[in-house]
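The values are calculated or read from the model by the stated rules, or taken from the named source; none is laboratory data. Keep in mind that what you see is a predicted model, and the values were worked out from it rather than measured. Using ideal geometry, Cβ is built from the backbone for each residue, glycine included, and neighbour counts are taken over all protein chains shown. Ligands, DNA and RNA are excluded from the accessible area calculation, which covers all protein heavy atoms including side chains. Shrake-Rupley method; radii C 1.70, N 1.55, O 1.52, S 1.80 Å.
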Amino acid sequence: MAHSGRDIGGTKRALWRAMSKPLEGKVGVVFGVANKRSIAWGIAQAWAQAGAKLIFNYQGERLKENVEELAATFGADTPVAPCDVSRDEDIVKFFDFVKGKTSRVDLVLHSVAFAPKEALEGSFLDTSREAFRVAHDISAYSLVAVTRAASGLMSGGGSVVTMSYYGAEKVVPHYNVMGVAKAALEASVRYLAYDLGPKKIRVNAISAGPVNTLAARGISGFSAMLTHYEQHAPLKRNITLEELGAMGVFLASDGGAGVTGQTLYVDSGYSVMGM
């Protein structure tokens, strides 16, 4: 069958758009932006550059101005609304807001974690019952709650991406209860992937090497951790937000269509080392 030059040119343009804008036409909801150094912001930028339209959450009035200012770089009409992920009623209210902006959601980024500062110092043995509860509620259960609420809008399937760290698998001094909460988060990813697979919703975690974020600076000895990675990771350097963004796009796009329930490491190879 003959094809005109115009047909071939149109096919090439379509392929180019698919390659350069793999998230064209998709709608994503972003949880966890605090400032321009946030991992959530790095992935959000990559999603937007790949063609996705985004809706942002902020946690508390303290972060409202920061998030609104960053979101506005994608257009003054980029939707932004508050949501305290430790409160079910806030999650319901936030997704009611989302429903007012879009009829569907294709992508969810969950980059939310918290533990009281005192629990990230000293020994894990001294973790209080309350610190343990708070860390697991906000850092792990919130993924379940947010995904449950979002899944009702993901009628065409989609991708949920959350953020983990190597401390979920191995002991990282001073990471303490957060490591235990991240282990719960990674297990939650697997169970959610099983539950939501029939709906064509994929759930995965990115285990990132240390990044100099607002949250990370609350971990005792964090600067030493950065130096240690530079010295011992196979690539002899720390990772960048751009690299995390690229992995976020992969997991959100058709390139990751067969990947679910996984924890993918973006850590310059540090996690493969035995010593």
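Apply the a/c threshold of 1.5 to the C-alpha gyration tensor of the stretch 42-155 and tell me whether it is rounded, prolate or oblate.
prolate
What do you get when you divide the Cα radius of gyration of the chain by 2.2 N^0.38 Å, with N the number of residues?
1.04
Could the peptides 230-237, 132-139 be put in order, highest first, of the mean number of other beta-carbon atoms found within 10 Å of their residues?
So the order, starting with the most tightly packed, is 132-139, 230-237.
Based on the Cβ-Cβ distance of Leu226 and Asp77, what FRET efficiency does E = 1/(1 + (r/R0)^6) give at R0 = 51 Å, to the nearest 0.05?
Efficiency for this residue pair is about 0.85.
For the pair Ala246 and Val92, what calculated FRET efficiency results from E = 1/(1 + (r/R0)^6), where r is the Cβ-Cβ distance and R0 = 41 Å, to the nearest 0.05?
0.80
Would you please give the FRET efficiency between Arg104 and Asp254, computed as 1/(1 + (r/R0)^6) with r the Cβ-Cβ distance and R0 = 25 Å, to the nearest 0.05?
Plugging the Cβ-Cβ distance into 1/(1 + (r/R0)^6) gives 0.90.
With a 1.4 Å probe and every protein chain kept in, tell me what percent of the accessible surface of the stretch 64-160 is carbon plus sulfur.
Roughly 52 percent of what the probe reaches on the stretch 64-160 is carbon or sulfur.
When N counts the residues of the stretch 140-209, how does its alpha-carbon radius of gyration compare numerically with 2.2 N^0.38 Å, as a ratio?
1.17
Beyond 22 Å between alpha-carbons counts as too far, so tell me which of Lys101/Lys182; Lys53/Lys93; Lys36/Lys199; Lys93/Lys182; Lys21/Lys64 fall in that bin.
Flagged as over cut-off: Lys101/Lys182; Lys36/Lys199; Lys93/Lys182; Lys21/Lys64.
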